[in-house]
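Here's the structure we're looking at; comments come further down.
The values are calculated or read from the model by the stated rules, or taken from the named source; none is laboratory data. From a predicted model like this one, the values you see are computed outputs, not experimental measurements. Here the Cβ is made from the backbone with ideal geometry for all residues, glycine too, and neighbour counts use every protein chain on show.
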Amino acid sequence: MSTQNKFFDDMSRMMTNAMGVAQGAKDEAENAMKSWVDRWLAERNLVTREEFDAVRDMAIKARTENAELKARLDALESAQRGGTQG
């Protein structure tokens with residue numbers, strides 16, 4: 001009986017170690033692929049999502065400021081026309 005238990009214990013340890021090795025290989029492959037993709041994208045001068053979002057936020061802010069300035073300019077021009085006609 002103890003021989004059979006030792007066999008199963010050894011098999012269990014071996015399978016656990018094999019799973020650890022497989023997980024390590026998976027992690028290493030993922031890191032290698034991510035590095036390769038990052039290099040490939042950098043060589044093509046593509047932007048990251050963070051860079052894109054930052055520029056988009058700047059554009060939204062600039063549009064808002066432009067709309068506010070246009071409204072102020074329209075109000076000033078309207079006031080100036082009203083003042084010169086009277």
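Six or more apart or on different chains, Cβ under 6 Å: which pairs go from a residue in the range 10-38 that's modelled with pLDDT of 90 or more to one that's among the basic types (Lys, Arg) and not in a helix (DSSP H, G or I)? Could you list them?
Pairs that qualify, where the first residue is modelled with pLDDT of 90 or more and the partner is among the basic types (Lys, Arg) and not in a helix (DSSP H, G or I): there are none.
What's the total number of residues in the range 29-57 that are more than 17 Å from the chain's Cα centre (by Cα) and among the aliphatic types (A, V, I, L, M)?
The qualifying residues number 2.
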